[in-house]
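Beneath this line is the structure, given in structure tokens, with notes to follow.
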């Protein structure tokens, strides 16, 4: 009955309903109007995401989502030959995989708003500290900011090619001084302030695309419109 | 595809996806396992909730929710003859309405876990301050803790009669010293600490009823189980 907005991505999406998370904030914005559906898969890259496509977004669904955010790349950009190499996907394949995801979603529903989000920047110091806590002194960096930037560029380029809105989180976050600790908790995942940036950017893009929460109607009457003595009137107008 | 857990209630449910909210925390717990669906209607009492039943929970649905929390009463308990009297529903009718909601849900799905939650206690001082900020010096209290307690009792009694789990939030919160300001922001709505109490109680009841998030399976493979060189294996086992 209500429109659905799907958040499809990796751990940065999966964790988006923790306190101060961007997904929860979005669900709060669309409360009474649309359902925000969490489809975040920690550790996943775009290659593995492809296996989920037909399950999460079945073709021929009578009620496809009105909007989907695609937020991968942080794991694809893990360096080859390092601790997280299992997650590594070459940048060209990352772009190709994103394109296949977009095409599938548009096949589900040509009207679906599809928003591409780049991975956030990497705070290499924070990431290295995290690696040392897991692997001890032998730890070596498994992601760099520069390499992640290459993936961000591929993502934004694809969005331009396909005329889709995108959020260049990699660039956006680096505009703020002290972004490394302000927006990232372990060099990769988001602090509440980092979540606020994602939330603000998603709201901006949704608004520009005509999916503003404030302009969408309530599913059922505002309680202020309900006559205490004849409540059926308000419900007759809106939903009976 | 995923099981659904519906949160049905008034503003204390509608606001449950704000930062630190009990609904968002629950969605985080069930991430990758079940969808937590927000159906909170600010200002609604049980009389008005009845108008929504067939829309939100259509009979004959192939995929009814596995669980629903019913969390009304804060508005039903507004005093007659005061500012919020439009929302007032007599305590006996409140109980009867709750019963009709439960019966409808059990008709949708006899296996559905239905959890009744009482309204929280009222911090009369906080509530009065809120009323004065809206109506000035002429403001008079529109809810009392004692009267809300009568509704909480009806709710818990009904749960016993129908052999349903319930959460007596009205009693539970008052066990903690300083509950008035610790758990309530304006004498009625919840602070982050108040949200934590609701979250903890819902998790406890869900666990006792066999709907523990930690024991539910992931919808798709944990990334640690995916072979980097032959990812299809993990997906073949679990979802292809």
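The values are calculated or read from the model by the stated rules, or taken from the named source; none is laboratory data. Remember, it's a predicted structure, so these values are computed and weren't measured experimentally. Neighbour counts run over all protein chains shown; Cβ positions are idealised from the backbone, glycine included.
Quick check on the stretch B:70-100: of everything there that is modelled with pLDDT under 95, farther than 18 Å from residue B:149 by Cβ and more than 11 Å from chain A (Cβ to nearest Cβ), which residue is surrounded by the fewest Cβ atoms within 10 Å (Cβ to Cβ)? Among them, the one singled out is B:81. The single condition among (1) surrounded by fewer than 20 Cβ atoms within 10 Å (Cβ to Cβ); (2) within 17 Å of residue A:68 (Cα to Cα) that residue A:159 does not satisfy is (1). Selection of first residues in the stretch B:208-233 that are within 12 Å of chain A (Cβ to nearest Cβ) and under 21 Å from residue B:113 (Cα atoms) and of second residues that are part of a loop (DSSP other than H, G, I, E, B) and modelled with pLDDT of 95 or more, restricted to Cβ pairs under 8 Å at least 6 apart or on distinct chains, gives the following pairs, ordered by first then second residue: B:218/B:32; B:218/B:33; B:219/B:32; B:219/B:33.
Taking the stated definitions as given, is residue B:9 crowded, with 20+ Cβ neighbours inside 10 Å, within 11 Å of the chain's Cα centre (by Cα) and facing chain A (nearest Cβ under 9 Å)? Judged against the criteria, residue B:9 is not a match. Inclusion of residue B:23 among residues that are modelled with pLDDT of 95 or more, surrounded by 24 or more Cβ atoms within 10 Å (Cβ to Cβ) and more than 9 Å from chain A (Cβ to nearest Cβ) is not warranted. Picking from residues in the stretch A:44-63 that are buried (at least 20 other Cβ atoms within 10 Å of the Cβ) and assigned to a loop (DSSP other than H, G, I, E, B), the one that is nearest to the other protein chains (Cβ to nearest Cβ) is A:44. The listed residues are B:139, B:234, B:131, and the only one of them that is at pLDDT below 95, buried (at least 19 other Cβ atoms within 10 Å of the Cβ) and farther than 26 Å from residue B:21 by Cα turns out to be B:234. When the stretch B:7-27 is filtered for residues that are over 16 Å from residue A:17 (Cα atoms) and assigned to a loop (DSSP other than H, G, I, E, B), only B:10 remains. Residue A:193 meets all of the listed conditions (1) more than 27 Å from residue B:39 (Cβ to Cβ); (2) surrounded by fewer than 13 Cβ atoms within 10 Å (Cβ to Cβ) but one, namely (2).
Please tell me if residue A:103 is assigned to a helix (DSSP H, G or I), at pLDDT below 95 and at negative phi. For residue A:103, the condition - assigned to a helix (DSSP H, G or I), at pLDDT below 95 and at negative phi - is not met. Looking at residue B:31, is it under 13 Å from residue A:38 (Cα atoms), outside any strand (DSSP E or B), modelled with pLDDT of 95 or more and facing another protein chain (nearest Cβ under 9 Å)? Yes, satisfied.
Within the stretch A:163-196, track down each residue that is within 22 Å of residue A:31 (Cα to Cα) and out of contact with any helix residue (DSSP H, G or I) (no Cβ under 6 Å at 6 or more places or on another chain). Result: A:192, A:196.
Scanning for something under 30 Å from residue B:81 (Cα atoms) and part of a loop (DSSP other than H, G, I, E, B), does the stretch B:222-236 turn up at least one residue? No: the stretch B:222-236 contains no residue that is under 30 Å from residue B:81 (Cα atoms) and part of a loop (DSSP other than H, G, I, E, B).
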